[in-house]
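Take a look at the structure below.
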Amino acid sequence: MEELKKSLKGRDLLTLHDLTTEEVNLILEEAARLKGLQRAGIPHPYLQGKTLAMIFQKSSTRTRVSFEVGMYQLGGYALFLSPKDIQMGRGESVADTARVLSRMVDGIMIRTFDQSEVEELAQYADVPVINGLTDLTHPCQILADLLTIKEHKGKLAGLKLAYVGDGNNIAHSLLYGCAKVGMDISVASPEGYRPRSWVVELAKQDAQATGAKIEVVTDPVEAVKDADVIVTDVWASMGQEAEQKEREKVFASYQVNEALCAHAKSDFIFLHCLPAHRGEEVTAEIIDGPHSVVWDEAENRLHAQKAVMALLM
């Protein structure tokens, strides 16, 4: 265990594909432990005196609050940096920003558009860089999802997760995450909106070690059949607002509703990274119903990210 912790110290978190199965499980175990301490009111200032720079090129509710509160609970301090607050928003290079911040802070979290920007930041920074979201991946969200599933199902390996909707950053990171922990995953997306083929191939490579089954289909009923977990996301993500009307037509048959969920196991749980659009990708009966664990999932962003920060920083 201590050797595993040492292997994570000083590392970056860019995608879940970069972690081993053992490292993913360690993060989840640490998240559960920190959640227990927080619930019991036991102080855990593991990052006393340390600072986290939070670069936000995209706005957020859960990412901002969870990282900022998480650093406070760990005894550290978080700096919110929007494009208006730093020179990177006015043309300073990512590399120069990384070099400067590395002299002043102990970690950097960035929520932005291009994965390449996160990778460049990590290349030139001398402190851990955490991917708070890009258009390609969202590793912190899926760590929270895995924590939530484990809490409600008691395990991860051997379960089946169905993702219904756009083959976006959530789908990509679920593919990586499920492959790492031995959970079967079936992604249902329309033609032209499937996950990137190279991401699917990397997930399949990871799955060889854990026995997870990876499949991408077009039929949501096929994906949801006998699923233990159902996940969806908005049809038009941030930056795709101009495509909203067109996407509503394309994804009309991909709504997560009672009829679709009837094909899952009777005790399935429903997850959504939020924000949700009731009446579009999911009906109110599902997201506000007895199978929904979205509020536990949202809270677990805090605990999962605290584990990431504590282990890396």
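Odds and ends about this structure:
- The length gained on full extension between residue 204 and residue 59, counted as 0.36 nm times the residue separation minus their Cα-Cα distance, comes to 49.0 nm.
- Folded to 0 to 90 degrees: helix 197-210 orientation relative to the chain principal axis, Cα: 90 degrees
- Cα gyration tensor of the chain - equivalent ellipsoid semi-axes, whole Å, descending: 31, 22, 18
- Over the range 144-201, all Cα pairs binned in 5 Å intervals from 0 give whole-percent P(r) values of 4, 20, 30, 24, 14, 7, 2, 0, listed from short to long.
- Value of relative contact order over the range 228-313, rounded to a whole percent, pairs C-alpha under 8 Å and six or more apart: 34 percent
- Shown in residue order for the range 65-74 are the 3J(HN,Hα) couplings computed by the Karplus curve 6.51 cos²θ - 1.76 cosθ + 1.60 at θ = phi - 60°: 5, 5, 5, 5, 5, x, 5, 4, 5, 8 Hz (x for Gly and Pro).
- Long-range Cα-Cα pairs in the range 141-297 (distance over 27 Å), rounded percent: 14 percent
- Distances between placed amide hydrogens fall under 5 Å for residue 269 paired with 229, 230, all partners being 5 or more residues away or on another chain.
- The lysines whose alpha-carbon is closer than 26 Å to the alpha-carbon of residue 160, local same-chain residues fewer than 8 away aside, are 35, 150, 180, 204, 213, 225, 265.
- Projected label points at residue 40 and residue 219, each 7 Å from Cα along the beta carbon direction, are separated by 5.0 nanometres.
- The range 92-159 versus the range 208-284: alpha-carbon centroid distance in Å: 24 Å
- Helix axis angle, 169-181 relative to the chain longest principal axis, alpha carbon, degrees: 90 degrees
Each reported figure results from applying straightforward, stated rules to the coordinates on display, with no laboratory input. Note that the coordinates shown come from a computational prediction; the quantities given were computed from them, not determined experimentally. FYI the Cβ positions are ideal-geometry reconstructions off the backbone, even for glycines, and counts take in every protein chain you see.
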